[in-house]
Each structure stands twice: as C-alpha cells, then as structure tokens.
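The values are calculated or read from the model by the stated rules, or taken from the named source; none is laboratory data. Computed from a predicted structure; not experimentally measured. Methodologically, a virtual Cβ is constructed for each residue, glycine included, from the backbone with ideal geometry; neighbour enumeration extends over all protein chains shown. Surface accessibility is based on the protein's heavy atoms, side chains included, excluding ligands, DNA and RNA. Shrake-Rupley method; radii C 1.70, N 1.55, O 1.52, S 1.80 Å.
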Amino acid sequence: MDSQLVAAEDSPQPMSAVEVSPPSNVALTKVGVESDLWKALMNMSVALAKSSLIPDELRGKPADVFVIIQTGYELGLKPMAAVRSINVIKGKPVFSADLMVGLAKAKGLCEYFRLIESTDEIARFETKRVGSEPESLDYTIKDAAGMKLLDKPNWKMQPKNMLRKRCKAALAREVYEDLLNGCYTPDEAEDFS
C-alpha cells in the first residue's frame, strides 16, 4: 500500500487521474468499507498529505492520514474533523476528552455528561448512559501525584484543567467502553511505554 501512495503522491498527473487499487470488494466489505469509498478516502488522503493546513506530523504521510480518516469514518466524523481531532501516538488513537464525550452524545448513548466539581485538588464528573444509572468519577491531585504527572509543564501551569481532562476521559471510557475502548487523550498517551 505504501508504494502505491508514494507513487501516487509523486505522480505529475492531476489528482483525479491517480489510480489506487484497493483490496478486493469482498475483503473490504467484510471490514465495512466499500471499494469506491476506499478509493475516495485514499485519494483524499494523498491530497491532504500535501496540504500545509493539516498537522505537521501528517504532512507527507498519506497512509497516516488515511488511517485517521478511516478511524473517524468508523466513529461518524467527517474527514476534516477526524484530521483535526484524532492523532495516533504509539499505535493508539488519541482523542481529546471533549471529543470522547461528543462521540458518546452523538451516538445517542449519553443522556448527559456534566462537571460536578472542579478545583486545583479534584475534578468530579457524572454521566448517565441511556438505560443505565448515573455514574460519577473523581480524579484528584493525589491521583496525579501517584502517577508522577505533577512535574509535567501542563500540570504545573493548569492543574485544574488537567484534572478535568483526565477525569472526563476516564469516565467516558469507563461508561462508553464499547465506543471508546483503547482511546486515550494526548496527555495519557505520553504515559505509554
């Protein structure tokens, strides 16, 4: 696949003339992608990888752009929303905590997701999944200290905000695990070994 992408990117032909050969329709259909969609996403990825308007880490990497767009597609995001809000760090999809909550709401799984308390010492959120009892979660400065987060620049400058992000993401993953399993925030991804 990478050799096709490089060849397509270096091609002097206009984008509409770029030929990308997807796997067989049978193989694509088994994973939920139609051949025409696959071709369109690949061509879009090649074009976007040339743009100065996408994140630096995606420029010149059409295969990475494709993975992000496909991940977003599976979650119901438009291509540019996916490129703006999904990163891949050490092989894991990385979303903002707000995107995680937004996805749960957009999929109709979440009745509400609200902040209960926020100080420099604690963040507490509560959410209610459709058909379930409300659940809440606390994330404290002691939790952050136990994970050795407090020496990081963002934690020094804005502990209240970082507590909220960690708490929101953890609660979203816990309650909407079928949607967000294996998804982390950029701050959490820094902890991957």
Check off (1) closer than 13 Å to L179 by Cα; (2) hydrophobic (A, V, I, L, M, F, W, C); (3) at pLDDT 95 or above; (4) open to solvent by 20 Å² or more (accessible area, probe 1.4 Å) for A106 and give me the number that stays unchecked. (3)
Of all the residues that make up segment 68-80, how many are assigned to a helix (DSSP H, G or I), among the aliphatic types (A, V, I, L, M) and under 11 Å from the mean Cα position of the chain (by Cα)? 3
Per-region count, segment 117-128, residues open to solvent by 50 Å² or more (accessible area, probe 1.4 Å) and either among the small types (G, A, S) or farther than 16 Å from N161 by Cβ (or both): 0
Which one of I54, I86 is over 13 Å from the mean Cα position of the chain (by Cα) and open to solvent by less than 40 Å² (accessible area, probe 1.4 Å)? I54
Do the conditions hold for P159, that is, is it in contact (Cβ under 8 Å) with a residue 24 or more places away in the chain and farther than 21 Å from G108 by Cα? yes
For segment 57-82, which positions are in contact with a strand residue (DSSP E or B) (Cβ under 8 Å, 6 or more places away or on another chain) and either under 12 Å from P93 (Cα atoms) or surrounded by fewer than 18 Cβ atoms within 10 Å (Cβ to Cβ) (or both)? E57, D64, V67, I68, T71, G72
Return the only residue of D178, D187, D191 being modelled with pLDDT under 95, in a loop (DSSP other than H, G, I, E, B) and of a type in the set (D, E). D191
Please determine whether any residue of segment 130-143 is open to solvent by less than 50 Å² (accessible area, probe 1.4 Å), in contact with a Lys or Arg (Cβ under 6 Å, 6 or more places away or on another chain) and at pLDDT 95 or above. yes
